[in-house]
Every structure is written in structure tokens, then in C-alpha cells.
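Chemist: Pasting a structure below so you can have a look.
Quick note: the coordinates plus some simple rules give every number you see, no bench work behind them. This is a predicted model, so every value here is computed, not measured. Ideal geometry is used to build each Cβ from the backbone, glycine not excepted, and the neighbour counts take in all protein chains shown.
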Amino acid sequence: MASSTVGTTSQAVQFDETDARNLLVVTTDQNSPQGFVIVRADPAKARILTLAVPRDTVVDYGTREVRLHELTAEYGIPVARDSISKLFNVRIDNFIEITYDNIEKMVNYFESGIIMQLNEDLDHHDESLSISIDGGLRTLTASQVVKVLRYPSWRGGRKQRADIQAQLTSALINQYMRSLRKDRADDDFSYLVNLAKKTDILVSHYISAKTGLDYLAERNDGSISSSVSLPGEYKGSGDAIRYYAADDVKKTLKAMMGW
């Protein structure tokens, strides 16, 4: 470990690429996988990137191609994680599954909503969802966050609906992963893990990553995290629609994400 020397409030610590951690966040709604976000915490580069992976992304499983949400529903997140790792040529250290209902609880726990930029007006009303929020910089309440996640009418279609998952994740990190919450970090970790429907995160994982996470929190001025959109294209339509990652996705993501 010698690629980056950084100062903390109490000591000098060295970080390199081996200190980066990749977390797969899977969001579900009514038992259906909705969002897939890879969160890369990289203390050597003093940044946290979030990569949105559309739920319709095609991955290999055995001798067949299958969409990510279908693979997850049928075989579970560990199998989906391994398929993503193979597609992107990246190690995913841990995963966590969280329901939309528990995302609402999480935002309530942090008490001040989520501040984020909405690039368009949101307006949709039917039996399952009623939402009306003007575009611009907004402080979203817990219930509004879930409505934004469920919003079906983005101008950018399915891709934008996928990307908003990563954008909200980055907004949450920028707002709450701060040095001001350092004394509450252990409690925050316990609360978030307990909200998980499923996870393989252990206390030992948290302890091994804590020095890097503390450093990132100290360096966070409100913009340490940014979101990345997966390059590729949709093919097909309706229930058969699929998202194919770009042919050079491994090389592209290595440059974009730094893994």
C-alpha cells in the first residue's frame, strides 16, 4: 500500500487500489428486483462512484443468456453477482438487498430527506402511484424518494429509471456520509444492515473497510460521490426488451470506475 498518502485527523494512512471496495446494492419492490447499483468506495482516489446496471441487462448463465432481474428472481443475488462480475471483469466484495419500503425507513432514519437534482417535472397519477414534483433541486421526503424510484414515465425511459437508482444512492452518500456523523457511523452501519432483506456483509467486513470509509467521510464536501451510466443499448420491446452492455464494456468500465 503506497500509491496514495493521506492525512486523517489523527494519523497518516496510505491507501492504494487494494483498499477499494465494491458493493452490489439490489433494490426490490413487492418481491421483484428493480434496481442494481454497484457502489465503489475508493479511498486512494478519494471518491465513491455508483454504477447503475439496468434490470434488463443481459448476462450469461451457463449456456444461455438471461436478463439480470430474471436471474436474480430465479437463482438469487449471489448468482447474479457472479454474472455481473464476469460481464464487467470486476470483483464484487459484498451485496445487500433492500426493499423500497425499507428505503423509506432508511431515509426517515437520517431525518432530513434526500437533496437531489431532478432534471424534469414528475407527474403521474393512477391507482398504484400518484406523484407530482417540479423539476430542479429538491429535498425529497422519504415517501417521495420511493415515489421517484417507482416513477414510470421518465423521458429517458427504462434507462433513466435505472440511472435514478444510482443518482439517489450518490445523493444519499453525499449528504450523510460526512465527518459530522463519524460518532454515529457504527450505529448507522448496524441500522442499515438490519434493514437488509438479504446481505453477506459481516461486522468483520465493516471493520476492515472502516479506515477507508472514515477517510472518505472526512473528505466529503458534499460531492464525493457521482453516478455512472452503463454504456449499451436496448433491443426488443415490451416484455421481451433486453439491455446489452457495449462490446467494450470491460475496458470502458475499467477506465470509468477505476477497477
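Chemist: Describe numerically, in nm with one decimal, the distance between label points set 7 Å from Cα along Cα→Cβ at Ser143 and at Asp126.
Modeler: According to this spin-label approximation, the distance is 2.1 nm.
Chemist: Quick one: Kirkwood hydrodynamic radius for the chain, alpha-carbon pairs, angstrom, one decimal? Don't skip to the end; give the middle numbers.
Modeler: On the way: mean 1/r = 0.0525 Å⁻¹.
In the chain this quantity evaluates to 19.0 Å.
Chemist: Would you work out which of Leu202, Asn220, Val13 lies farthest towards the positive end of the dipole of the stretch 4-257? Charges go on Cβ: Lys and Arg +1, Asp and Glu -1.
Modeler: Value computed over the given set: Val13.
Chemist: Can you tell me the dipole magnitude for the stretch 4-257 around its Cα centre, using point charges on the Cβ only (Lys, Arg +1; Asp, Glu -1), in Debye to the nearest 20?
Modeler: For this selection, approximately 440 debye.
Chemist: For Lys105, which aspartates and glutamates qualify as cross-link partners when the Cα separation must be under 19 Å and same-chain residues fewer than eight apart are set aside?
Modeler: Result set, ordered by chain and number: Asp29, Glu97, Asp186, Asp187, Asp188.
Chemist: Taking the number of other C-beta atoms within 10 Å as the exposure measure, put Val145, Val53 in order starting with the fewest.
Modeler: Going from sparsest to densest Cβ surroundings: Val145, Val53.
Chemist: Turning to a different aspect of this structure: Pairs to check: Lys45/Lys254; Lys86/Lys159; Lys147/Lys235. Give those whose C-alpha atoms are more than 18 Å from each other in this structure.
Modeler: Cα-Cα > 18 Å for Lys86/Lys159; Lys147/Lys235; rest within.
Chemist: Sticking with this structure for a sec: Can you compute the helix-only [θ] at 222 nm over the chain? Use -39500 (n - 2.57) per DSSP H run of at least 4 residues, normalise by all residues, nearest 500 deg cm²/dmol.
Modeler: -11500 deg cm²/dmol
Chemist: Further, regarding this structure: Taking trypsin sites (Lys or Arg not before Pro) as exposed when DSSP calls them loop (any state but H, G, I, E, B) and at most 14 other Cβ atoms lie within 10 Å, what is the longest stretch of the chain free of them, the sites themselves excluded?
Modeler: With a cap of 14 other Cβ atoms within 10 Å, the longest stretch comes to 156-259.
Chemist: How would Ser204, Ser153 line up from fewest to most surrounding beta-carbon atoms within 10 angstrom?
Modeler: Lowest to highest Cβ neighbour count: Ser204, Ser153.
Chemist: Taking 0.36 nm per residue of separation and subtracting the Cα-Cα distance, what length does fully extending Glu65 through Asp186 add?
Modeler: Between Glu65 and Asp186, full extension yields 39.5 nm more.
Chemist: Label Tyr75 and Asn108 with points 7 Å out from Cα along Cα→Cβ: what is the distance between them in nm?
Modeler: Going by the 7 Å Cα→Cβ label model, 3.7 nm.
Chemist: From the phi angles alone, apply the Karplus equation (6.51, -1.76, 1.60; θ = phi - 60°) to the stretch 247-259 and give each ³J(HN,Hα) in whole Hz, x where the residue is Gly or Pro.
Modeler: Values per residue, Gly and Pro as x: 4, 9, 4, 4, 5, 5, 5, 4, 6, 6, 9, x, 9 Hz.
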